[in-house]
Amino acid sequence: MASSSMLKLNAASSSWIAGHQSFNQRPGSAGPLRSRRVSVIRAGSYTDELLKTAKSIASPGRGILAIDESNATCGKSQLQMERSSWTVCKMRILYPGIKVDKGLVPLPGSNNESWCQGLDGLASRSAEYYKQGARFAKWRTVVSIPCGPSALAVKEAAWGLARYAAISQDNGLVPIVEPEILLDGDHPIERTLEVAERVWAEVFYYLAENNVVFEGILLKPSMVTPGAEHKEKASPETIAKYTLTMLKRRVPPSVPGIMFLSGGQSEAEATLNLNAMNQSPNPWHVSFSYARALQNTVLKTWQGRPENIEAAQKALLVRAKANSLAQLGKYSAEGESEEAKKGMFVKGYTY
Ligand code: 13P
């Protein structure tokens, strides 16, 4: 854990932040400052470690999203109880992480939208998680296209993510930045692209304002698809084209990894779309951090019965292998089960 200084965000690297005042422009001034001032940010003591962790999690075959989902709501850490499995994680160079947000609640003054709680006490909680072995954190907020989204909801989502990311990095945890743009709605793919561009522009604007080190974060975006109730489905090639267009316009190459959520797509769709995005090189590692698209068949197979455990483990291995191939662009859908092709979209889905 060496401490270091970093030169962050010059005018060129911030040019992709659309619609906001440039970083070398004074409020109210007509143009960029003439001085050669650069802003040198003294990064926190964990910076070197964060960069290594984020890069490692974003490498094929590495990284684990072993997220303690219960912690955030019950306020009691389960990390100690699972110390033996954490040791296994370390031996295999896998990284344990923790969900640190405290869930979504209605956002007053918005169009029936929500905001994500959890900033109070986050610094001390994060320091404790680090001591217990966690090396990354997760914070999920959502944006709804049919509800607008309102400027207020987008700003709140982006600001909350940025504060969380800064606090996580300050305490040695790589923040996974997840503004989930919900699949709900009957809009075309072009509308999703428009909203996603706006949301990510705002997220990166506030990440920069909060001096978050981009090399030490991971992103968890939704893929750019038509709304779940749109009359036409899009092919994996179309989804890949729109999603990569959006990401290339908004995400700097210093970010090491993009780990998609599945958002209600079928297992097969999520894998096919990921595969399509890896047909040519990208500036960042493009991979997955699915819940539903990894767990659906597994949970249906297991049904909570001990006699089904082996079959459920096999089902998990099938999905893990399929997505592992897809992150390398080498997946073929041949032999996929009918179950894997079933969509999982649920209107107004909540965790
Ligand atoms: P889904 O893959 O089910 O969208 O969930 C991913 C996740 O972790 C949401 O926070």
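Only one entry of Glu202, Glu180, Glu194 meets the criterion of being more than 16 Å from the ligand (Cβ to nearest atom) and surrounded by fewer than 24 Cβ atoms within 10 Å (Cβ to Cβ), and that entry is Glu194.
Pairs linking a residue in the range 204-231 that is touching a residue at least 24 places away in the same chain (Cβ under 8 Å) to a residue that is part of a loop (DSSP other than H, G, I, E, B) and of a type in the set (Phe, Trp, Tyr), with Cβ atoms under 7 Å and 6 or more positions apart or on different chains, are Ala228/Phe345. Scanning the range 258-268 finds no residues that are open to solvent by 30 Å² or more (accessible area, probe 1.4 Å) and either farther than 20 Å from Trp200 by Cβ or in a helix (DSSP H, G or I) (or both). Considering each residue of the range 301-317 in turn, none proves to be in a helix (DSSP H, G or I), within 14 Å of the ligand (Cβ to nearest atom) and of a type in the set (S, T, N, Q).
Collect the residues in the range 130-144 that are open to solvent by 10 Å² or more (accessible area, probe 1.4 Å) and within 16 Å of the ligand (Cβ to nearest atom), keeping them in residue-number order. Answer for the range 130-144, where residues must be open to solvent by 10 Å² or more (accessible area, probe 1.4 Å) and within 16 Å of the ligand (Cβ to nearest atom): Lys138, Arg140, Val142, Ser144.
Residues of the range 303-327 being more than 30 Å from Thr141 (Cβ to Cβ) and open to solvent by 70 Å² or more (accessible area, probe 1.4 Å), which ones? Passing the criteria: Gln303, Arg305, Pro306, Glu307, Ile309, Glu310, Gln313, Lys314, Leu317, Val318, Lys321, Leu325.
The values are calculated or read from the model by the stated rules, or taken from the named source; none is laboratory data. Predicted model, so just to flag it, every value in this text is computed and none were measured. Ideal geometry is used to build each Cβ from the backbone, glycine not excepted, and the neighbour counts take in all protein chains shown. Keep in mind that these areas ignore ligands, DNA and RNA; they rest on the heavy atoms of the full protein, side chains included. Shrake-Rupley method; radii C 1.70, N 1.55, O 1.52, S 1.80 Å.
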